[in-house]
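Scroll down for the structure; my scribbles are underneath it.
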Amino acid sequence: MNTWRAGCGGSRTSGSEGGPGKPTRRKPSRAPRPDPYTYCSTWSGIVYVAFVVDVFSRRIVGWKAARTMAASLVVDALNMAAWARRGMSLEGLICHSDAGSQYTSIAYTDRLADIGAQPSIGTVADSYDNALAESAIGLFKTELHRNPAAVATNGGPWKGLDDLEVAVCRWVCWFNEARIHGQLDDQAPAEVEAGWHRRHPGPAATPTEESAA
């Protein structure tokens, strides 16, 4: 997995925007949201898991587990993300993904248009382009799916979709609320967002831009 730096203060950059050295100017609900998905083995077969990550804080704002890789996998994750940011204007939001058929499907692009977001497709053979998403997937696999201790703690090995959904839900909650990140100055995503809102009080739908100086 490639390292990435989210554009949320200091001199950080976004690896999903073409690699290191490219400064970003982001504000909450405006940062690109990579849409990764992966697969996990269970006793009853493969389960696919999709995530929507907010670049500003690295919070996982949407996710979905399913037995198939249909477009509904990523559309449902996007719907959760839109609901999680309800009360905020998503107009002009950039949703970045790879060129997988799920993300180029009519169902997905139509849903982006419904919420006012703009699609962004990754370039081919660019190791930096979708590094943020791949980093999130790498953490998920390391900290939950491929870690024997975590598997045992979270009810694994999992028999099927239902068991894995419960485990993913627990992991996402911990990831957002308690897991510290070196690129966030050793803060959890929830702390980063809470700090931003303390510095920028006002309606959630009209946040003030924060510069990544």
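Test of understanding: what is the full-extension gain from A107 to R198, defined as 0.36 nm times their sequence separation minus their Cα-Cα distance?
Gain on stretching A107 to R198: 29.1 nm.
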Checklist entry - What list of ³J(HN,Hα) values in whole Hz, one per residue of the stretch 153-167 in order, does the Karplus curve 6.51 cos²θ - 1.76 cosθ + 1.60 (θ = phi - 60°) give from phi, with Gly and Pro shown as x? => result 5, 9, x, x, x, 7, 7, x, 4, 4, 5, 5, 4, 4, 5
Item to check | Neighbourhood charge, 13 Å Cβ-Cβ cut-off, centred on S72 and excluding it, Lys, Arg +1 and Asp, Glu -1 | outcome: +1
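For a Förster distance of 30 Å, can you work out the FRET efficiency between the beta-carbons of E177 and I115, rounded to the nearest 0.05? Display every interim value, and only then the final one.
Details: r = 25 Å, r/R0 = 0.83.
Efficiency at R0 = 30 Å is approximately 0.75.
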Checklist entry - Stretch M69-S41 to full length: gain in nm at 0.36 nm per residue minus the Cα-Cα span? => result 8.7 nm
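Read-outs throughout are calculated quantities, based only on the coordinates presented, and are distinct from any laboratory measurement. These figures come from a predicted structure and were not determined experimentally. Neighbour counts are summed over all protein chains in view; Cβ atoms, including those assigned to glycine, are modelled from backbone coordinates with ideal geometry.
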